[in-house]
Every structure is written in structure tokens, then in C-alpha cells.
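Taken together, the values in this text are just the output of simple stated rules run on the coordinates, not laboratory data. These numbers were taken from a predicted model, which means no experiment stands behind them. Neighbour counts run over all protein chains shown; Cβ positions are idealised from the backbone, glycine included.
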């Protein structure tokens, strides 16, 4: 599978360095290695979800309890989670750290992924959610750390887009 | 059974627990009995109260967590029951007040009014302990037993479709949220 193990390892290291101890996730191709790493790590609690919006609740509970967490999802999962993000994450000023695989960008071969890629950044902008792209190994850990710092200082959700150039090797 | 009486019946246990409620009548009724810094009212995001409770229970396994859910809210996040059951935290009691209606928005009947059985759905999802109760005595007994069981329980309490005159209280959402987080932080320091 051409999902990058080294990039996934770097992203996972960034999450650990940010103090993340609970990860909620719904499997998708680009996230398989990350989810396995979380599952194999005795220091991490992995919560496998039925739908991404639940992850907002999990992260809210864990944040209120003082434990940093992250959400792993595909951009279509982000779209499915929006009411939770707005009426829990934003309403209650929760520093959600959302890692969103940006499917449907240039190079996408799966026809069913092609609509989500075009709207994801616009929706993030409409929601006033600060976001950055993870598209090169050069800045992965640093950008995760900076995203976490802003989420905490602003007490608001932030997003990082996992881009094809980083995650996919073909 | 009236929901406010049911909440009153378990209030001494709630005072010792970490409590997450859904929006509307449940939040207003619990506050009318007495707000505590260990009570968090999720005043929107219908369906997510049980997920917030799961996050709390997994993050702090030493804390007794109680979720006060409702039929309308739970019906919006039935998949969440499978996630609860998958991780089945023994420190979580999931109460569902089932009045068979969306009372806060005009009383429209929910699917539990036409036969959907939330305790059966929870059981089917894999929640290890489930029950449906219809009287105050049964409710209090089942709730106390659930808190002592050390095993995830979904307890459905059939209640009348009546609620308070209004839902807005003088406790602001963010005041509640930051007070709750601070309470949990201080509780961690003391323990």
C-alpha cells in the first residue's frame, strides 16, 4: 500500500510530542498506519468511532478532564462532524486538534473522493477554523506543535490537512 | 414518573459523580435542584452527551461518570452506543430519560413512542448492563446498583413528557464549561 509509513511515523511522533494521549479515529486508507501506531502504543488510548462527530464529544470530554487528544478523520468525515464541531467544539471553546486527510485533490484517482477535496478548505474558512497543510516531511512535527499551541492559547478548534504529497507514495 | 423527581431521587449520588447532561429540560431541572461544579450541561450538539461522557470516563478512569441523556438525543447518535459498548468503561452510567418526545421543541413524538426500545438497542450494541424502569423506586434502585456494578450500564427511565417553563438559566455556557474543567483539575490534584 503506497501510504507513506515514514510520513505516518512523523505525524504520530508529532502527536506524541504534543502530549496527545487519546486519539479518536475512523479508518480510511491514508490513516491506516497512524491508527495502527496508536493501537500498538501502550501510552495511547485509541477510540474507534462509528461516525466522526462522536470524536468531537470524546475530545471534549478528555479535554475537560485534562487529557490532550486528537481526532483523525478523512475530509468527508470532517464534513459529517460539522454540527458537533460548531455546537460543541466552538460553542464550548474546546481546543480540538483535528487531523484531516485531504482526499480529492490533484492526483486523486477514486472518483468518489473528488467532491470533498474541493470544499474542505472553504468549509474550514467558513467555520473560521485556523488550519495549515502537512505536505512535506520538513515541517510535520513543527506544524503539529504550532497547531496545538494555537488551539490551547485560543481555546478553539484547529485543523491540519494531511496532503497527498506527504501521505501518498506513487 | 416525572423526570425532575427522578433526578432528585439520585441527586446525592450525582453530587459525588461527574455529570454530563443533554440540553433543555434535563439541564434546567438539574440546575433547579442545585448546580454543582462537577455538573456539565451540553446545551447543544444533540447526541454527543454520551460521547463526552465516554471521553471523560476514558481520560479519568478513577472518576464515577454519569450521563443524563434523552430519547431524542440518543436517537441522533445510536452509533455512539456501539462505541460506548466497545470500550465499556466500568466507571460510566448512561441514564436515558425517555419521554417519547422532543419536548423542548414542541413535544413531537420520537420513535420510542412507536415501539423503538432504547434499552434493547443498547443491549444489541453490546452494552453489558441494560434495563428499562418505570417507577421512582425502581429507578433509584437500578441507578445505585449500576454505580456499584463497575460495569457500563445504559439505564432507560420512562418519564412523563413534562418539563420546566423555561430552559435558559443564569449559568452561562462558558462559565459552566471552565468551572467544570477547573473542578476536574483540582480533583486530580487532591487525589
Response to the item:
Taking Cα pairs closer than 8 Å and at least 6 residues apart, the relative contact order of the stretch A:1-102 in percent is 29 percent
Worksheet, complete the sentence: Note: residue B:32 to residue B:120 extended length (0.36 nm per residue) minus current alpha-carbon separation gives 28.5 nm
Practice prompt. Beta carbons within 10 angstrom, averaged per residue: use that to sort the peptides B:50-59, A:25-34, B:16-25, B:134-143, highest first.
Written response: B:50-59, B:16-25, A:25-34, B:134-143
Worksheet entry | Two-site FRET efficiency, residue B:171 against residue A:142, from Cβ-Cβ distance with R₀ of 45 Å, rounded to 0.05 | 0.65
Response to the item:
the stretch A:1-55 and the stretch B:70-107 have their Cα centres apart by a whole-number Å value of 27 Å
Worksheet item: In peptide B:58-66, what is the residue-averaged number of other protein chain Cβ atoms found within 10 Å of each Cβ?
Response: 4
Practice prompt. Please grab the % of Cα pairs in the stretch A:5-167 that end up more than 22 Å from each other.
Written response: 34 percent
Worksheet, complete the sentence: FRET efficiency (residue B:78, residue A:82; Cβ distance; R0 25 Å; to 0.05) is 0.85
Worksheet item: Out of the DSSP beta bridges found with both residues in chain B, what percent are antiparallel (nearest 5)?
Response: 10 percent
Item to complete: Would you give the gap between the C-alpha center of the stretch B:1-65 and the C-alpha center of the stretch A:105-154, rounded to a whole Å?
Response: 34 Å
Worksheet item: So what is the relative contact order for the stretch B:3-190, in percent, with contacts set as C-alpha pairs under 8 Å and at least six apart?
Response: 25 percent
Practice prompt. Averaging sequence separations of C-alpha pairs under 8 Å and six or more residues apart, then dividing by the length of the stretch A:117-162, give the relative contact order as a whole percent.
Written response: 43 percent
Discussion item. Show me, bin by bin at 5 Å from 0, the whole-percent P(r) of the stretch A:115-166 based on Cα pairs.
Written reply: 5, 20, 27, 23, 19, 8, 0
Item to complete: Report the label-to-label distance for residue A:121 and residue B:62 in nanometres (one decimal), using points 7 Å from each Cα along the Cα→Cβ vector.
Response: 4.7 nm
Response to the item:
Neighbour-count ranking for B:167, A:12 (other C-beta within 10 angstrom, fewest to most) reads B:167, A:12
Practice prompt. Determine the calculated [θ] at 222 nm for chain A from helices alone, applying -39500 (n - 2.57) to every DSSP H run no shorter than 4 residues and normalising by the residue count; nearest 500 deg cm²/dmol.
Written response: -12500 deg cm²/dmol
Worksheet item: Ranked by Cβ crowding within 10 angstrom, fewest neighbours first, how are A:165, A:40 ordered?
Response: A:40, A:165
Item to complete: Over the whole of A:88-95, what's the average partner chain Cβ count within 10 Å per residue? Rounded to a whole number, please.
Response: 5
